[in-house]
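What follows is a single structure, written as structure tokens, with notes after it.
The values are calculated or read from the model by the stated rules, or taken from the named source; none is laboratory data. The structure displayed is predicted, hence computed values, not measured ones. Reconstructed Cβ throughout: ideal geometry from the backbone, glycine too, with neighbour counts over all protein chains shown. All accessible areas refer to the heavy atoms of the entire protein, side chains included, with ligands and DNA or RNA removed. Shrake-Rupley method; radii C 1.70, N 1.55, O 1.52, S 1.80 Å.
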Amino acid sequence: MRPFDFTPRTRVVFGAGAINRLGHLARELGFTRALLVADDGVMRAGHVANAIRLLGTAGVVVYPWHAFGANPDSAMVEAGSAFAAPLGVDAIIGLGGGSSLDCAKGINFLLTNGGSMADYRGYGKASRPLLPMIGIPTTAGTGSEAQSYAVISDASTHMKMACGDPSAAVRVALLDPELTLTAPLIVTALAGFDAVAHAVETAVTTKRTPLSDMYSHEAWRLLASAFERVLLHPADLEARAGMLAGAHFAGTAIEQSMLGAAHACANPLSARYDLAHGQALAILLPRVVRWNSAVATDRYAMLLGSPRRRAGDLDAAETLARRLEDLVIAGGLATRLQDVGVEESAIPELAAQAAQQWTGTFNPRPFDATGASELYRSAL
Ligand SMILES: [Zn+2]
């Protein structure tokens, strides 16, 4: 078994109605003046007003900020930091989808350590500790609340930068499945497939450990059983709970195991075509599973558990790829690059960019521009 070194840095508070504990949790952490980073959709759904009320009754002064988009970039994070700098905040709360949580973490880097986002690319570049944070996801997707990385796009190149530090992990992840009931169906599908991709990729990387395996496998079990249910019955709170816990566990697995070729190939597509992260993964992940089959079939078989075989299937990788395709179709997502406007002539440049992605280095089958090109072509 591989060695591992794991420190849980985040207290996880999970359950329907858990949001009502926000004020108490903030007070326990000593929050007095908090920046609340929450996107527009979350504000329209009433979650921001509710959070301000809960924090206000606990005596916490709240400064809401929402001037950022779906893929937060370095310019948005700089604007958030400039907004917060004169306010004297002693805490940050991220409320919303992965973009809210990543944006909150990014602002925290700049507010406490100065400089620009690119200075923190990699891990452990912050010389001063970040402000204490609470992360409250309203979609079941990135699992950002489980990670010590902020994923922020470079405003000029649109490529994603992973900026990590031990103190960028939130102190409390507040997981309330009732908050995810307001997510539109397409958001549920896109975010949910991202979580599925995290479970599948973390289960086979070169960095995985017995501990990350535990999180990957439980994440897959929860997500695979809840994904179709939550799309058919959006008000099914047990299915919502399964998705939220599954996405969190998959996020915890990333913290140990990193990701693989599907994420490496997805990032250039999102940068160039503004394609939703979950949509890019929906097209790529089944192909990556087949591409990895020679080196990862046994790992995929363990992920699927037993009995795993569908009649006529040749191996576990094929079974898993077909199961993933079922989920993509259930989510109403596109299955081919052509369907989202990607032409064959773009592949060489996309493949060159995919080969530069850090996450590709952890894929179980060695991954380079040739491999990326094969994967994109298979997905045309
Ligand atoms: Zn992802």
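Looking only at strands (runs of 3 or more DSSP E) that fall completely inside the range 143-215, which ones have 3 or more residues that are aliphatic (A, V, I, L, M), farther than 13 Å from Gln256 by Cβ and modelled with pLDDT of 95 or more?
Values: elements: 149-153, 160-164, 172-175.
In the range 143-215, 172-175 are the strands (runs of 3 or more DSSP E) which contain 3 or more residues that are aliphatic (A, V, I, L, M), farther than 13 Å from Gln256 by Cβ and modelled with pLDDT of 95 or more.
Restricting to the range 276-291, count the residues that are open to solvent by less than 20 Å² (accessible area, probe 1.4 Å) and away from the ligand (no atom under 12 Å from the Cβ).
Number of matching residues: 4.
Any residue in the range 262-291 that is on the phi < 0 side of the Ramachandran plot sitting within a Cβ distance under 6 Å of a residue that is of a type in the set (Ser, Thr, Tyr) and more than 12 Å from the ligand (Cβ to nearest atom)? List the pairs, counting only those 6 or more apart or interchain.
Listed pairs, sorted by first residue: Arg287/Ser378.
Of all residues in the range 292-302, count the ones that are open to solvent by 10 Å² or more (accessible area, probe 1.4 Å) and either aliphatic (A, V, I, L, M) or more than 23 Å from the chain's Cα centre (by Cα) (or both).
Taking the range 292-302 and keeping what is open to solvent by 10 Å² or more (accessible area, probe 1.4 Å), we get 293-295, 297-299, 301-302.
Adding the requirement that they be either aliphatic (A, V, I, L, M) or more than 23 Å from the chain's Cα centre (by Cα) (or both) leaves 293-295, 297-298, 301-302.
The number of residues fulfilling the criteria is 7.
Within the range 84-123, which residues are among the hydrophobic types (A, V, I, L, M, F, W, C), under 27 Å from Arg44 (Cα atoms) and surrounded by fewer than 17 Cβ atoms within 10 Å (Cβ to Cβ)?
Within the range 84-123, Ala85, Leu87 qualify.
Check Gly94, Gly59 and return the single one that is on the phi > 0 side of the Ramachandran plot and modelled with pLDDT of 95 or more. First the steps, then the outcome.
Numbers: Gly94 fails: on the phi > 0 side of the Ramachandran plot.
None of the other options fit; the residue is Gly59.
Tell me which residues, restricted to the range 140-197, are farther than 25 Å from Met76 by Cα, open to solvent by 10 Å² or more (accessible area, probe 1.4 Å) and under 16 Å from the mean Cα position of the chain (by Cα).
none
Which numbered condition trips up Thr359, out of (1) open to solvent by 30 Å² or more (accessible area, probe 1.4 Å); (2) touching a residue at least 60 places away in the same chain (Cβ under 8 Å)?
(1)
When you check Gly30 against the structure, is it touching a helix residue (DSSP H, G or I) at 6+ places or on another chain (Cβ under 8 Å), open to solvent by less than 50 Å² (accessible area, probe 1.4 Å), in contact (Cβ under 8 Å) with a residue 60 or more places away in the chain and not aliphatic (A, V, I, L, M), yes or no?
Values: touching a helix residue (DSSP H, G or I) at 6+ places or on another chain (Cβ under 8 Å): no; open to solvent by less than 50 Å² (accessible area, probe 1.4 Å): yes; in contact (Cβ under 8 Å) with a residue 60 or more places away in the chain: yes; not aliphatic (A, V, I, L, M): yes.
Judged against the criteria, Gly30 is not a match.
If I filter the range 209-223 down to residues being in contact with a Ser or Thr (Cβ under 9 Å, 6 or more places away or on another chain) and within 16 Å of the ligand (Cβ to nearest atom), which single residue comes out as most open to solvent (accessible area, probe 1.4 Å)?
Tyr215
Has the range 226-237 got any residue that is of a type in the set (Lys, Arg), away from the ligand (no atom under 16 Å from the Cβ) and at pLDDT below 95?
Of all residues in the range 226-237, those of a type in the set (Lys, Arg) come to 229.
Next, only the ones that are away from the ligand (no atom under 16 Å from the Cβ) stay: 229.
From the residues that got through so far, the ones that are at pLDDT below 95 too are none.
Within the range 226-237 (the criterion being of a type in the set (Lys, Arg), away from the ligand (no atom under 16 Å from the Cβ) and at pLDDT below 95), the answer is no, since none of the residues qualifies.
Given the conditions (1) open to solvent by 10 Å² or more (accessible area, probe 1.4 Å); (2) farther than 17 Å from Leu350 by Cβ; (3) within 15 Å of the ligand (Cβ to nearest atom), report the number of the one that Gly251 does not fulfil.
(1)
Please go through the range 64-107 and pick out each residue that is aromatic (Phe, Trp, Tyr), touching a Gly at 6+ places or on another chain (Cβ under 7 Å) and in a helix (DSSP H, G or I).
none
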